[in-house]
1. Can you work out the FRET efficiency for the pair residue 70 and residue 11, with r the C-beta to C-beta distance and R0 = 25 Å, to the nearest 0.05?
2. What's the exposure ranking of 54, 64, going from fewest to most Cβ atoms within 10 Å?
């Protein structure tokens, strides 16, 4: 019986590492995209006809970031619910993923 537990624990560790890497791989480019869009939005002249389009793109990036954050919270809750002791990768996920920030056009 003990022999069956070790492979299961290794499989759980590997799955959680894969999921943690997936969240990292999703969060990093989303954060970069959001920052670039926000910077472009702030630097774009208010008179530009593309400002509204850029604001929509920024809001969509925020929605994606929020969606990934909600999914991450569900995974963390599921791991905690299962009583996993292998979730070391998830302990800091909340700290490394900034939440969306609303950008409004005050023109």
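Computed from the coordinates by the stated procedures, all read-outs in this text should not be read as laboratory data. Values in this document were obtained by computation on a predicted structure and should not be read as measured data. FYI the Cβ positions are ideal-geometry reconstructions off the backbone, even for glycines, and counts take in every protein chain you see.
1. On the way: r = 26 Å, r/R0 = 1.04.
With a Förster radius of 25 Å, E is 0.45.
2. Details: 54 18, 64 15.
Sorted ascending by nearby Cβ count, the order is 64, 54.
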